[in-house]
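Values quoted throughout were computed directly from the atomic coordinates according to the rules given, and no laboratory measurement underlies them. Please read all numbers here as calculations on a predicted model, not as lab measurements. Ideal geometry is used to build each Cβ from the backbone, glycine not excepted, and the neighbour counts take in all protein chains shown.
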Ligand SMILES: Cc1cc2nc3c(=O)[nH]c(=O)nc-3n(C[C@H](O)[C@H](O)[C@H](O)COP(=O)(O)OP(=O)(O)OC[C@H]3O[C@@H](n4cnc5c(N)ncnc54)[C@H](O)[C@@H]3O)c2cc1C
């Protein structure tokens, strides 16, 4: 039997943010606002400030504008947006909505209903800078301040989680440390585009089916290869925050293996460098990289084998490093 973990993620709530002020009506998570607008046909408010510039915050700025609300600003704690460049252009710039980078909400005015919010600039340690406060009159504050993979169940099962993604550590088959337990989608790592979620789900399904079949063969004594695996550990280094997967078993990897990751900062005209046991596998130029956009490298099994063969490496464990090289 195989299990595929696909529980998605949940939105970070106001409770996780510690914004001072009363608890007036008019504060919604972006997901709740989406539900009200898209499914229930209600407009949550008429003058809106959005906190968080990930894709959901950006998309909601446009959505609320199209529904007739006035979006005063999108505020972002970080010095860069957490969303796709194209969403900044199509959801904010096209509608003249200001993006306030390095800003956060420091106060919420209003007792019964939100009457306005105070935004302040933050320093490099994300601390509000006194004297930079600006008041925005609004009746609604939408919070779009991050997603948390839904991994309580995974943890209870004994699945090892990556502290960076808060999702399971997986191998090339999207299999966790528990044999026969696979993971995909937002429970594995928060994605930028749902298309990648679909691709990953397909791969997890295929690998789980193969696992069930293989278990059957192994039980019948027809296939016993697993013990002779060549293992490649993947290490995210300079600029790369994490990778999915974290380990490859050469015998089981596909002819072409996609490694997805995110960078930790904005980089221009840089190179994604991939090395196997210190030998260059590929160096790919990237004009622009940003934390909001998932990056990927495609590794060819043949190329990895060729690198190992050329270097005369015959041991069972190898190390692949992925890093950003700035010019
Ligand atoms: C607020 C919000 C808005 C978004 N808007 C967009 C958008 O406009 N466009 C876009 O492309 N993407 C959008 N996304 C991203 C998109 O929703 C995800 O990329 C995609 O849905 C992830 O798919 P998934 O299958 O991993 O998780 P989900 O689609 O979240 O599915 C997980 C499912 O598992 C269920 N579940 C959880 N725990 C359990 C359990 N213990 N037992 C049984 N079932 C369980 C959940 O109820 C849920 O139905 C949005 C995401 C969020 C959070």
What is the Cα centroid distance between the range 298-317 and the range 98-119, reported in whole angstrom?
54
Calculate the length of the line joining the C-alpha centroid of the range 30-81 to that of the range 120-172, in whole Å.
17
Going by how many other beta carbons lie within 10 Å of each one, how would you line up 56, 108, fewest first?
108, 56
Can you tell me the Rg and the Dmax, both Å, for the Cα atoms in the range 229-327?
13.3, 39
Report the rotationally averaged projected area of the chain based on its alpha-carbon convex hull, in square nanometres.
19.3
For the range 1-139: rounded, prolate or oblate by the Cα gyration tensor [a/c cutoff 1.5]:
rounded
Arranged by the count of other C-beta atoms within 10 angstrom, fewest first, what order do 261, 182, 196, 135 take?
135, 196, 261, 182
List the relative contact order of the range 1-110 as a percent without decimals, with contacts defined as Cα pairs under 8 Å and 6+ residues apart.
27
Where is the GNM fluctuation largest for the chain (alpha-carbon springs, 10 angstrom cutoff): 234, 39, 272?
39
Over the range 159-262, what lengths in whole Å, largest first, do the semi-axes of the equivalent ellipsoid take, defined as the square roots of 5 times the eigenvalues of the alpha-carbon gyration tensor?
25, 15, 12
Relative exposure of 9, 184, judged by other C-beta atoms within 10 Å (fewest first)
9, 184
For the chain the mean separation of alpha carbon contacts under 8 Å (6+ apart) over residue count, i.e. relative contact order in percent, is 17
